[in-house]
Amino acid sequence: MSKVILDACCGSRMCWFDKEHPAAVYMDCRELETELCDGRKLVIRPDVVGDFRAMPFADCSFRLVVFDPPHLRWCGEGSWMKAKYGQLNRETWQDDLRRGFAECFRVLMPHGVLVFKWNERQVKLNEVVKLAPMPPLFGQRAGKTHWLVFMKPMPEALEHPGMDEEQAQETVCALENVVHDLVHGKTHAPSQVLQSRDFDIE
């Protein structure tokens, strides 16, 4: 089975039923093996050590991406919370997540699905979802932990029967350039899209 799924911040793979799924690539920025305060072992052993802000994968590599980044801005340096969930940079977290979203869409195939997980313990979901280049399709909003589903758009021209492969690839590249611009703050399209669609999360 080919590797068509990417978990971009896998941690200890807590959300996975099959923690060694043959179709998945597990990536994280760290490797760690330690014991938590309750005696349980915490093992973070990704297939790929990488930064979700600059992923080491080619464009359009995956059909499904899971994005479960750190959600804590404040936690003790040696705390089990930091060990288990990681920590956002207090100064750059918004830009970091914006770049992370953009990278997730870059490595997704057109019509690929992004599953995003967020806990509102310290940062509200509506502050985070505006950092994505487009609004989610649907999701679960109850409680503190949220799951949202996005889909990477297929450029309309790709569906035109008269388009050859070279033209199709040029269109994909154009879409990736838009995502690149979003990463580097060259457009305010995400917030404009959200406002135009009256997307709101309580």
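Working note: Karplus 6.51/-1.76/1.60 with θ = phi - 60° gives region 116-126 the couplings 10, 10, 8, 10, 8, 3, 10, 10, 5, 4, 5 Hz, where Gly and Pro are set to x. For the cross-link pairs 19/117; 3/130; 19/41; 130/152, the ones whose C-alpha atoms lie over 25 Å apart are 3/130.
A simple spin-label model places pseudo-atoms 7 Å from Cα toward Cβ; at residue 111 and residue 90 they are separated by 4.7 nm.
Every number here is computed from the coordinates shown, using simple stated rules; none is lab data. Note that the structure is a prediction, hence the values are computed from the model and not measured. All Cβ positions, glycine included, derive from the backbone under ideal geometry; neighbour counts span all protein chains shown.
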